[in-house]
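Read the structure below first, then the notes.
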Amino acid sequence: MAKAEYIRHLFFGSLFLIMPFYIIVTSEQSIKFSQITFFIINTLLYPYSRFVFESIVNFIMGKNVFFVNALLMMFMKLFTMLICWSAAIFIAPIGLASLYYLNTKED
């Protein structure tokens, strides 16, 4: 995973971190420490979760190009980003393990 790609994914993951905090701050409910911890962990693991998702999509789709409605594509991109962020704690270990394997294997 390239450094620029990692920073880009971390930026978008941080945007997903802001949303729950904004909702909690504007509501009357108090926030639990476990919720804060979960949101922060998911944000930090989001780039690795996204790496797994993009690796699977690249494996399935190859180098094919599809022309679709831009609004539909943006909605699907946002949807997949939200899923990758919310499940990052479960998906990211796969990405971390594959990156470890790719970077430590001998040629």
- Task: Considering only residues that are open to solvent by 60 Å² or more (accessible area, probe 1.4 Å) and within 19 Å of residue 103 (Cβ to Cβ), look in segment 1-18 and name the one that is modelled with the lowest pLDDT.
- Result: 1
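Let's see how each residue does on (1) assigned to a helix (DSSP H, G or I); (2) touching a His at 6+ places or on another chain (Cβ under 7 Å); (3) more than 20 Å from residue 95 (Cβ to Cβ):
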| site | (1), (2), (3) |
| --- | --- |
| 10 | yes, no, no |
| 14 | yes, no, no |
| 17 | yes, no, no |
| 25 | yes, no, yes |
| 40 | yes, no, no |
| 45 | yes, no, no |
| 53 | yes, no, no |
| 66 | no, no, yes |
| 71 | yes, no, yes |
- For the subset of segment 19-55 comprising residues that are under 22 Å from residue 7 (Cβ atoms) and open to solvent by 80 Å² or more (accessible area, probe 1.4 Å), which member is nearest to the chain's Cα centre (by Cα)? 44
- Task: Quick one: in segment 69-107, of everything that is loosely packed, with under 14 Cβ neighbours inside 10 Å and among the small types (Gly, Ala, Ser), which residue is farthest from residue 51 (Cα to Cα)?
- Result: 70
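The values are calculated or read from the model by the stated rules, or taken from the named source; none is laboratory data. Just so you know, these numbers come straight off a predicted model, no measurement behind them. For neighbour counting, all protein chains shown are included, and Cβ atoms are generated from backbone atoms with ideal geometry for every residue, glycine included. The accessibility values were calculated without ligands, DNA or RNA, using every heavy atom of the protein model including side chains. Shrake-Rupley method; radii C 1.70, N 1.55, O 1.52, S 1.80 Å.
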